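Chemist: Sending over a structure as structure tokens; questions will come in a sec.
The values are calculated or read from the model by the stated rules, or taken from the named source; none is laboratory data. Because the structure is predicted, anything quoted here is derived from the model rather than measured. Because the Cβ atoms are built from the backbone with ideal geometry, glycine has one as well, and the counts that use them run over all protein chains shown.
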Amino acid sequence: MSDISSTAPSRRRTIIVWVLTALAVVAFAGAGLSKLSGSADMVTAFNAFGFPLWFMTLVGLAEVAGAVVLLLPPIAFIGGLGLMGVAGGAFITHMASGDSFGTAIPSIVLFVLITVVTWLSGRNFARTATNIFGQ
């Protein structure tokens, strides 16, 4: 009985990490693909922010690449850090452009989500770095 209970928190943690990671992957990949496809809403938003359309493509590529890297546990931490920057930049952009706080809520939610995923995936990254570089 102690064997089962000792693995339960680890199993529960693994499930939580993968569910949150899946949510982040879907959100960031969807946002990135929307930018890469040249969605009219995205073009309008980037024009309103005063950004060139090549920057929209760059952000879209970063979002899709970050989402893919999240699916690779040994380096998910790195993808998470990049996506934290994207979500933080989105929040700052909304606030600096004079948008209402309500408009920035999705970027805040994504920032919190990716921060949690990054924090939880940090253990795998530390283990990988230790295996590569030693203690």
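Chemist: Quick one: which of Ala87, Ala27 is in contact (Cβ under 8 Å) with a residue 60 or more places away in the chain and part of a helix (DSSP H, G or I)? Please lay out each step first, then the result.
Modeler: Details: Ala87 fails: in contact (Cβ under 8 Å) with a residue 60 or more places away in the chain.
The match here is Ala27.
Chemist: Could you figure out which of (1) outside any loop (DSSP other than H, G, I, E, B); (2) touching a Leu at 6+ places or on another chain (Cβ under 9 Å) isn't true of Leu33?
Modeler: Checking Leu33 against (1) outside any loop (DSSP other than H, G, I, E, B); (2) touching a Leu at 6+ places or on another chain (Cβ under 9 Å), the one that fails is (2).
Chemist: Checking Phe125 against (1) among the aromatic types (Phe, Trp, Tyr); (2) modelled with pLDDT of 95 or more; (3) closer than 30 Å to Ser10 by Cβ, which single condition isn't satisfied?
Modeler: (2)
Chemist: Out of the residues in region 90-121 that are small (Gly, Ala, Ser) and free of Cβ contacts under 8 Å to residues at least 60 places away in the same chain, state the one that is farthest from Phe28 (Cα to Cα).
Modeler: Gly98
Chemist: If you go through region 35-51 one residue at a time, do you hit one that is β-branched (Val, Ile, Thr) and within 21 Å of Gly122 (Cβ to Cβ)?
Modeler: Looking for residues that are β-branched (Val, Ile, Thr) and within 21 Å of Gly122 (Cβ to Cβ), one finds none in region 35-51, hence no.
Chemist: Going through region 86-116 one residue at a time, which ones are surrounded by 14 or more Cβ atoms within 10 Å (Cβ to Cβ), out of contact with any helix residue (DSSP H, G or I) (no Cβ under 7 Å at 6 or more places or on another chain) and not acidic (Asp, Glu)?
Modeler: Those that are surrounded by 14 or more Cβ atoms within 10 Å (Cβ to Cβ), out of contact with any helix residue (DSSP H, G or I) (no Cβ under 7 Å at 6 or more places or on another chain) and not acidic (Asp, Glu): Gly89, Pro106.
Chemist: Return the pair list, or none, for Cβ contacts closer than 7 Å from residues in region 35-60 that are modelled with pLDDT under 95 to residues that are part of a helix (DSSP H, G or I) and loosely packed, with under 13 Cβ neighbours inside 10 Å, at least 6 apart or on different chains.
Modeler: none
Chemist: From the list Ala24, Ala40, Ala62, which one is among the small types (Gly, Ala, Ser) and surrounded by fewer than 16 Cβ atoms within 10 Å (Cβ to Cβ)? Spell out the reasoning first.
Modeler: Working: Ala24 fails: surrounded by fewer than 16 Cβ atoms within 10 Å (Cβ to Cβ); Ala62 fails: surrounded by fewer than 16 Cβ atoms within 10 Å (Cβ to Cβ).
None of the other options fit; the residue is Ala40.
Chemist: Next question. How many of the residues making up region 51-96 are touching a Leu at 6+ places or on another chain (Cβ under 8 Å) and over 16 Å from Gly32 (Cβ atoms)?
Modeler: The total comes to 1.
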